[in-house]
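Working notes for the structure below.
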Amino acid sequence: MQKGLLRRVPLLMGVATLASTVSFSAAAQQVTDTYLIRQDSSDCNNSNVNANNPSLIGGSMWVVRQTNGGTTAKVAITASPDTTYNLFHKCVGQIGGITTGDEGVGVGVFTFQTSPGILTFDMYPNGAPAGNKFQSVPITVQ
């Protein structure tokens, strides 16, 4: 098995567990999934972020937009072990943090306010070196 695939096995198992144990509110307008890509930087719209290279995928997000404007993001990552990653609503502000375990797997659920439009996220630990930052593939919510 390739090294990159080995790193994603715990993520995939964690993602399956997270997805199977989470129920979404009946008030949800839209459920959208996206990937977190190992990429050091991008603009506010993550216009150059895509999932065309599977070896760069380091996590997944499920974003649920509620009718009241609240948004819930469920995040699963495989990254550096025993590290806290700060999750940001790109160019808006910090949402929260996810701490990975000794195998580098971390999950978190966050709720925040958004408006309809393009949503983008980035995630990285304090003082993150190159290669330890993630950008989300942009998603559009109504």
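The values are calculated or read from the model by the stated rules, or taken from the named source; none is laboratory data. Keep in mind the model is a prediction, meaning the values are calculated, not measured. Heads up, the Cβs are rebuilt from the backbone with ideal geometry, glycines too, and the neighbour counts pull from every protein chain shown.
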Need a quick list: strands (runs of 3 or more DSSP E) entirely within the range 51-106 having at least 3 residues that are at pLDDT 95 or above and buried (at least 20 other Cβ atoms within 10 Å of the Cβ). 57-66, 70-78
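Considering only residues that are in a loop (DSSP other than H, G, I, E, B), at pLDDT below 95 and either under 20 Å from Gly97 (Cα atoms) or out of contact with any strand residue (DSSP E or B) (no Cβ under 6 Å at 6 or more places or on another chain) (or both), which ones fall in the range 16-39?
Correct list: Val22, Ser23, Ser25, Ala26.
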